[in-house]
Amino acid sequence: MREIHVDHVVQSVRDLCIKANTELGDDVLNAFHRALETEESLVGKDILNQLIENAHIAQDRQIPMCQDTGLAVVYLEVGQDIHVVGGSLTDAVNEGVRQGYREGYLRKSLCDPVTRENTGDNTPAMIHYDIVVGDGFRIIVAPKGGGGEMMSKVVMFTPSDGLEGVKRFVVNLVKESGGKPCPPTIVGVGMGGTFEKTALLAKKALLRPVGSRNPDPQLDSLEKEWLAEINRLGIGPQGLGGRTTSLAVHINTMPGHIASIPVAVNLQCHSSRHKEIEL
Ligand code: SF4
């Protein structure tokens with residue numbers, strides 16, 4: 001059985017926290033460039049150019065691309081044939097976050113919901129475990145900023161609401177959010193499952209590369225239709241008007257109860273950050 005020492009996990013999570021906050025993915029940068037070709041608003045174009053410049057400065061100087069360095073969302077895909085040795089896996093992830101946020105000079109953005117006291121080290125991480133077949137071990141770190149998270153929602157629809165009702169909900173949510181989630185956004189949509197599963201489907205939808213097609217042709221066509229409608233809202237980059245309100249709509253589904261259609265929308269701001277490693 002393959003063994004992975006927790007020290008390896010600590011180091012990897014530390015590095016991923018810093019890298020995710022300083023290096024914007026090429027998929028997002030390419031989407032900014034594509035948006036420049038279609039954006040009609042001069043202010044919108046200016047903001048898109050600033051976002052591109054900001055991303056280059058952050059990478060060159062290894063400084064965060066945004067002051068809101070987010071909550072540390074960590075996905076672990078752990079092979080069922082892996083043996084983790086040397087201590088607790090959860091503790092190792094939190095230690096990696098602690099070190100990454102301290103050594104990368106990243107803002108600690110986590111506080112107690114009742115006392116509002118900052119936890120001081122950006123832990124606990126929001127960890128999601130998946131047990132997978134084989135002996136692989138994948139870590140994904142996706143820092144999540146406050147703006148996009150604040151405007152996200154879960155709603156339980158009935159089957160009679162249909163896809164039209166779901167589309168209205170998604171488009172209206174983006175409309176009512178305006179500039180608050182720091183557009184251009186990526187709109188992660190979860191449909192099906194249960195109340196909690198659909199929220200995770202929506203969040204995981206944000207990991208798909210921007211510009212990629214949904215492998216399900218029906219969902220792919222819904223994504224294109226909903227994105228076109230969203231980009232007709234006129235919210236634009238940073239909410240100051242324009243065609244580029246969202247860069248993508250990503251839909252994730254799973255079967256759910258016959259009585260309901262749980263739907264979640266998790267908005268992702270333009271600082272769309274996630275990095276991963278396979279150990
Ligand atoms: S929502 Fe995103 S872009 Fe806006 S402040 Fe937070 S991390 Fe930065």
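The values are calculated or read from the model by the stated rules, or taken from the named source; none is laboratory data. What you see is a predicted model, and the numbers here were worked out from it, not measured in a lab. Every residue, glycine among them, receives a Cβ derived from its backbone with ideal geometry; neighbour counts consider all protein chains shown. In case anyone asks, the SASA skips ligands and DNA or RNA and just uses the protein heavy atoms, side chains included. Shrake-Rupley method; radii C 1.70, N 1.55, O 1.52, S 1.80 Å.
Calculate the FRET efficiency for VAL43 and GLU23 from the Cβ-Cβ distance with a Förster distance of 30 Å, rounded to the nearest 0.05.
0.65
Report, to the nearest whole %, how much of the accessible area of the chain belongs to carbon and sulfur atoms, 1.4 Å probe, protein only.
Here carbon and sulfur together make up 54 percent of the probe-accessible area.
What is the set of long-range amide H partners of THR185 at a cut-off below 5 Å, with H atoms built 1.01 Å from backbone N?
When sequence neighbours closer than 5 places are left aside, the close amide H contacts are SER246, LEU247.
For GLY241, which sequence-distant residues (separation of 5 or more, or a different chain) have an amide H within less than 5 Å of its own amide H, given hydrogens modelled in the peptide plane?
Those qualifying (amide H under 5 Å, at least 5 residues apart or on another chain) are GLY236.
Which whole-Hz couplings ³J(HN,Hα) result when phi for each residue of the range 50-67 is put into the Karplus expression 6.51 cos²θ - 1.76 cosθ + 1.60, θ = phi - 60°, listed in order with x for Gly and Pro?
5, 5, 5, 5, 4, 5, 5, 4, 4, 5, 5, 9, 6, 10, x, 6, 9, 5
By a straight-distance test (C-alpha under 18 Å), which aspartates and glutamates pair with LYS19 as possible cross-link partners, with residues fewer than eight away in the same chain excluded?
Partners within reach: ASP27, GLU53, ASP60, ASP68, GLU95, GLU103, ASP121, GLU276, GLU278.
How high is the FRET efficiency from GLN62 to TYR129, r the C-beta distance, R0 30 Å, rounded to 0.05?
E(calc), rounded to 0.05, equals 0.50.
Two decimals, Cα atoms only, Kirkwood Rh: what is Rg/Rh over the range 98-196?
Here Rg/Rh amounts to 1.04.
Can you give the convex hull volume of the alpha carbon atoms of the range 120-262 per residue, in Å³?
Convex hull of Cα atoms, per residue: 135 Å³.
Specify whether the C-alpha gyration tensor of the chain places it in the rounded, prolate or oblate class, a ≥ b ≥ c being the square roots of the eigenvalues: rounded for a/c under 1.5, otherwise prolate if a/b is larger than b/c and oblate if not.
The shape class here is oblate.
Hey, can you grab everything whose amide H is under 5 Å from the amide H of ARG107? Only 5+ residues off in sequence or another chain; H modelled, so Pro and N-termini drop out.
Under 5 Å from the amide H of ARG107 lie the amide H atoms of THR69, each far enough along the sequence or on another chain.
Go ahead and collect, in residue order, the members of the range 62-84 whose backbone nitrogen is under 11 Å from a label point 7 Å along the Cα-Cβ direction of MET1.
Flagged as within label range: 80-84.
How large is the accessible surface of LEU173 in square angstrom, using a 1.4 angstrom probe and rounding to the nearest 10?
Near enough 10 Å² of accessible area.
Enumerate the calculated ³J(HN,Hα) couplings along the range 160-166 in order (Karplus 6.51 cos²θ - 1.76 cosθ + 1.60, θ = phi - 60°), each rounded to whole Hz, writing x wherever the residue is Gly or Pro.
5, 5, x, 5, 5, x, 5
Accessible area per residue, 1.4 Å probe, Å², for the chain: what's the number?
Counting only protein heavy atoms, the per-residue value for the chain is 47 Å².
Strictly under 4.7 angstrom between C-beta atoms: which cysteines of the chain have no such partner?
Here CYS17, CYS66, CYS111 come out as lacking a disulfide-compatible partner, given the Cβ-Cβ threshold of under 4.7 Å.
Lysines within cross-link reach of LYS175: Cα-Cα under 28 Å, excluding same-chain residues under 8 positions apart?
Partners found: LYS45, LYS144, LYS153, LYS167, LYS197, LYS203, LYS204, LYS224.
Given 0.36 nm per residue, what is the gain on full extension from GLU53 to HIS33 after removing their alpha carbon distance, in nm?
Length gained, GLU53 through HIS33: 6.1 nm.
List, in order, the whole-Hz ³J(HN,Hα) value for each residue of the range 199-214 obtained from phi through the Karplus relation with A = 6.51, B = -1.76, C = 1.60 and θ = phi - 60°; use x for Gly and Pro.
Computed from phi, the couplings for the range 199-214 are 5, 6, 4, 5, 5, 5, 4, 6, 7, 5, x, 5, x, 7, 8, 5 Hz.
How would you order 85-94, 6-15, 208-217 from highest to lowest mean count of nearby Cβ atoms within 10 Å?
Values: 85-94: 16.5, 6-15: 20.5, 208-217: 13.8.
The packing order, highest mean first, is 6-15, 85-94, 208-217.
Divide by every residue of the chain the summed helix terms, -39500 (n - 2.57) for each DSSP H run of at least 4, and state the resulting mean residue ellipticity at 222 nm, rounded to the nearest 500 deg cm²/dmol.
Values: 8 runs with 111 residues, N = 279.
Value at 222 nm, helices only, nearest 500: -13000 deg cm²/dmol.
Which FRET efficiency, nearest 0.05, do LYS180 and VAL85 yield, Cβ-Cβ r, R0 45 Å?
0.50
How much length would be gained if the chain were fully extended between TYR105 and GLU229, taking 0.36 nm per residue of separation minus their Cα-Cα distance, in nm to one decimal?
Values: separation 124, 0.36 × 124 = 44.64 nm, distance 3.93 nm.
Full extension from TYR105 to GLU229 adds 40.7 nm.
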